[in-house]
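The values are calculated or read from the model by the stated rules, or taken from the named source; none is laboratory data. Please read these numbers as outputs of a predicted model, since none were measured by experiment. With ideal geometry, Cβ positions are generated from the backbone for all residues, glycine too; neighbour counts draw on all protein chains shown.
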Amino acid sequence: MEFADFSIQLATQLASSSPVQRIAFGLDICRRLYPDYIHFHQEYQWGDPSVLKRAIDYVSQSMGAATDEDILNGLMDELDLAIPDTEEFGDFATSYAINSACAVWELLEYLLDQDQTHLMHMSTLATETIDFKLQEADETLTADDLSKHPALYKEWEYQLEITR
């Protein structure tokens, strides 16, 4: 499967999913990327994992119910301050932490406007994190190697499975 095929299939499946299923998809990505943020925080003593955790917990607890726009905006303001800057840190751990925080941001944005594009961005953040980890483990991998790596296909299959 090529990325374009995956992307079309995922977008189609998300479009036919219920609102609760879409939120569950976003929460799954946030929860899987969250440990990367914790690792970054422990390594650099920078950031605030509790902001991500509170946002994830809020979305989880309000799933299927109306969300409070003021609470979402407040969480986004706090989250904005907890996103690391690559110019300040600039390593793989930073990239993973950025992807983790941005996934949470995208989920909060989705709750505010219901734009499925945010969920697609979250999918990309998850696959980019895998790509970065593969590059970190083996610097000799080419772009072609990465685009055909079994770990990437496994992630695509997983994302498609949980949106069925």
- Item | Unmet requirement for Ile71, which otherwise passes all of (1) of a type in the set (A, V, I, L, M, F, W, C); (2) touching a Phe, Trp or Tyr at 6+ places or on another chain (Cβ under 7 Å); (3) farther than 18 Å from Cys30 by Cβ | (3)
- Residue by residue through region 56-68, note down the ones that are over 23 Å from Ser123 (Cβ atoms) and either assigned to a helix (DSSP H, G or I) or among the hydrophobic types (A, V, I, L, M, F, W, C) (or both). Gln61, Ala65, Ala66
- Note on the structure: Looking across region 1-19 at residues that are in a helix (DSSP H, G or I) and out of contact with any helix residue (DSSP H, G or I) (no Cβ under 8 Å at 6 or more places or on another chain), the single one that is modelled with the lowest pLDDT is Ala4
- Keeping to region 107-137, report how many residues are farther than 19 Å from Asp36 by Cα and either of a type in the set (Phe, Trp, Tyr) or not in a helix (DSSP H, G or I) (or both). 4
- Note on the structure: Within region 44-68, the residues that are of a type in the set (Asp, Glu), at pLDDT 95 or above and surrounded by fewer than 14 Cβ atoms within 10 Å (Cβ to Cβ) are Asp57
- Note on the structure: By residue number, the members of region 69-99 that are of a type in the set (Gly, Ala, Ser) and either touching an Asp or Glu at 6+ places or on another chain (Cβ under 7 Å) or assigned to a helix (DSSP H, G or I) (or both) are Gly74, Ala82, Ala93, Ser95, Ala97
- Counting only residues that are closer than 12 Å to Thr94 by Cα and hydrophobic (A, V, I, L, M, F, W, C), which one in region 15-54 is farthest from the chain's Cα centre (by Cα)? Trp46
- Would a scan of region 131-139 turn up a residue that is in contact (Cβ under 8 Å) with a residue 60 or more places away in the chain, closer than 25 Å to Asp5 by Cα and surrounded by 16 or more Cβ atoms within 10 Å (Cβ to Cβ)? no
- Residues in region 140-164 that are charged (D, E, K, R) and crowded, with 16+ Cβ neighbours inside 10 Å: how many? 1
- Message: If I ask for residues that are closer than 19 Å to Glu87 by Cα, of a type in the set (Phe, Trp, Tyr) and in a helix (DSSP H, G or I), which ones from region 20-55 would you list?
- Response: Tyr37, Phe40, Tyr44
- Task: Name every residue in region 121-152 that is hydroxyl-bearing (Ser, Thr, Tyr) and modelled with pLDDT under 95, in order of residue number.
- Result: Thr140, Thr142, Ser147
- Across region 84-93, the tally of residues that are within 22 Å of Leu107 (Cα to Cα) and touching a residue at least 24 places away in the same chain (Cβ under 8 Å) stands at 2
